[in-house]
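First the structure, which I've put down as structure tokens, then a few questions once you've had a look.
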Amino acid sequence: MTTPRLLEVRRKVLSKNDAAAQVLRQRFQAAGVCVISLVSSPGSGKTAFLEQVLRNLGGTHRVAALVGDLATENDAVRLRRSEQPVRQIVTGTVCHLDASMVETSLSDSGWRLEGLDFLFIENVGNLVCPASYDLGENARIVLLSVTEGEDKPLKYPSIFLGADAAIITKADLAEAVGFDAGTAHRNIRAVCPGAPIFEISSKTSAGMSAALDWINGVSSARQQ
Amino acid sequence: MSAVHLKLGPLSGVAKEALLFSYDLACEGTILEGSTLIIEDMPVCIYCPECRAERHTSGTGQMQCDVCGHTADHVLCGAELELSALELIT
């Protein structure tokens, strides 16, 4: 019997996505657009938050959004009420966005990236797979709603670890569901050390201004 | 091709058991059919601001230093999903 020969490869399985994300990142940088992605579990309020962000920033900045879902154009329809440019990415059976989907959607959109200050990318609702895919964004925000329980960060550490900021949503329901903010903050800090944490309600707009300030700060830091 | 060697970190978002379960099925009808997937589990390494050193952390749910228990400043490794080597029978 022949002895197997070991051939060293040392190649990241997701290197193709990493390369595509790097190309996007350079394009975004050259165009001067600040790109922020949103990740969370389904139903934790990404779209509601983004509606508020588009409305608020849309008055003073040129903004646009891509939104990913397995099926339906529902989120894009909701977000278009902000009267800002929005495109839906329907992924079919794929549970996350990857860099090539973002690239294709941007090509199809006909948007001039140079004409934008902010591009938001709402990922498919999923706390697992989106963690592995770089989309070329400047910053990633992870959202956690008060109805999900305080221990979500401990159960899904990878997605929290890869985030630059964490937003606790549906704060208006905190009391009704017995949400323990202290424990939630501690759990987020345990897996995502150093990231700022915001508590907001997209319904009442409470806490929105601090989150918007942070988003503006990402853009300013990028320009320096 | 007799084996595929993969380095897998707990923070990669990939479940080892699911990968092993689906491997044979995914290889059917390809040059990898009949090969073995050999997974090397990688540790999670953090930078501990208290020890001022690179340390391991045993729990993926808590980024705490195994030596002093302090929370990590940042994570240095543990998200690997890397094809490290192929075993060929020539």
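Read-outs: derived from the displayed coordinates by stated rules, not from any lab. Please read these numbers as outputs of a predicted model, since none were measured by experiment. Cβ atoms come from the backbone with ideal geometry, glycine included; neighbour counts cover every protein chain shown.
Please give the peptides A:91-100, B:8-17 ranked by average Cβ packing (other Cβ atoms within 10 Å per residue), highest first, as a rough proxy for protection.
Values: A:91-100: 16.3, B:8-17: 18.9.
So the order, starting with the most tightly packed, is B:8-17, A:91-100.
Continuing with this model, one more query. Using 10 Å bins from zero, what percent of all Cα-Cα pairs in segment A:60-147 falls into each bin?
15, 51, 31, 3
Right, something else. Output wanted: per-residue J couplings in Hz (rounded whole) for segment B:18-33, from phi through Karplus 6.51 cos²θ - 1.76 cosθ + 1.60, θ = phi - 60°, x for Gly and Pro.
Running phi through 6.51 cos²θ - 1.76 cosθ + 1.60 with θ = phi - 60° gives 5, 5, 5, 5, 8, 4, 4, 5, 5, 7, 3, x, 10, 5, 8, 4 Hz.
Oh, and also: Can you give the helix-only mean residue ellipticity at 222 nm for chain A, where every DSSP H stretch with n ≥ 4 adds -39500 (n - 2.57) and the sum goes over all residues, rounded to the nearest 500 deg cm²/dmol?
Values: 9 runs with 88 residues, N = 224.
My calculation for chain A gives -11500 deg cm²/dmol from helical runs alone.
Bin all alpha-carbon pair distances of chain B at 5 Å intervals from 0 and give each bin's fraction as a whole percent.
3, 14, 20, 17, 13, 10, 9, 7, 5, 2, 0
May I pose another question? Between B:VAL44 and residues 5 or more places away or on another chain, which pairs have amide H atoms under 5 Å apart, with H built 1.01 Å from N, and which residues are they?
B:THR57
Can you pull the mean other chain C-beta count within 10 Å for peptide A:4-16?
Working: counts 8, 6, 8, 7, 5, 8, 6, 4, 6, 9, 6, 3, 0.
Other-chain Cβ atoms within 10 Å of each residue's Cβ, averaged: 6.
What Rg and what Dmax come out for the protein assembly as shown when only alpha-carbon atoms are used, in angstroms?
Computed over the Cα atoms of the protein assembly as shown, radius of gyration and Dmax are 21.1, 73 Å.
Further question on the same structure: Using every pair of alpha-carbon atoms in segment A:169-216, split the distances into 10 Å bins beginning at 0 and state the percent of pairs per bin, rounded to integers.
All Cα pairs, binned at 10 Å, distribute as 25, 48, 27, 0 percent.
While we're on this one: Would you grab the residues whose amide H sits under 5 Å from the one on B:ILE38? Only those 5+ places off in sequence or on another chain, please, with H modelled 1.01 Å from N.
B:VAL4, B:HIS5, B:LEU6
Also: Is segment A:122-224 best put as rounded, prolate or oblate by its Cα gyration tensor, with a ≥ b ≥ c the root eigenvalues, rounded for a/c under 1.5, and otherwise prolate when a/b is larger than b/c, oblate when not?
Values: a/c = 1.77, a/b = 1.22, b/c = 1.45.
Oblate, since a/c reaches 1.5 and b/c is not below a/b.
In whole Hz and in residue order, list the ³J(HN,Hα) couplings for segment A:159-165 that follow from phi through the Karplus curve 6.51 cos²θ - 1.76 cosθ + 1.60, θ = phi - 60°; x for Gly and Pro.
5, 6, 4, x, 8, 9, 8
Restricting to Cα pairs below 8 Å that are 6+ residues apart, what does the relative contact order work out to for chain A? Please round to a whole percent.
Working: 401 pairs, mean separation 52.2, N = 224.
23 percent.
Given H placed 1.01 Å from N in the peptide plane, which residues other than close sequence neighbours of A:LEU6 have an amide H under 5 Å from its amide H?
Distant-sequence amide H within range of A:LEU6: B:LEU88.
Also, I was wondering about something else. When the Karplus curve 6.51 cos²θ - 1.76 cosθ + 1.60 is applied with θ = phi - 60°, which whole-Hz ³J(HN,Hα) does each residue of segment A:98-106 get, with x for Gly and Pro?
Ordered by residue, 3J(HN,Hα) equals 10, 4, 5, 5, 5, 4, 4, 5, 5 Hz.
If I take R0 = 22 Å and measure r between the Cβ atoms of A:ARG222 and A:LYS16 in this structure, what FRET efficiency does the formula 1/(1 + (r/R0)^6) give, to the nearest 0.05?
Working: r = 26 Å, r/R0 = 1.17.
Efficiency, rounded to the nearest 0.05: 0.30.
Additional query: Roughly what % antiparallel, to the nearest 5, for the DSSP beta bridges in chain B?
On the way: 15 of 21 bridges.
Here the share of antiparallel DSSP bridges comes out near 70 percent.
Placing one identical point scatterer on every Cα of segment A:1-127 and ignoring solvent, what is log10 I(q)/I(0) from the Debye formula at q = 0.13 Å⁻¹?
The Debye formula, applied to the Cα set alone, gives -0.55.
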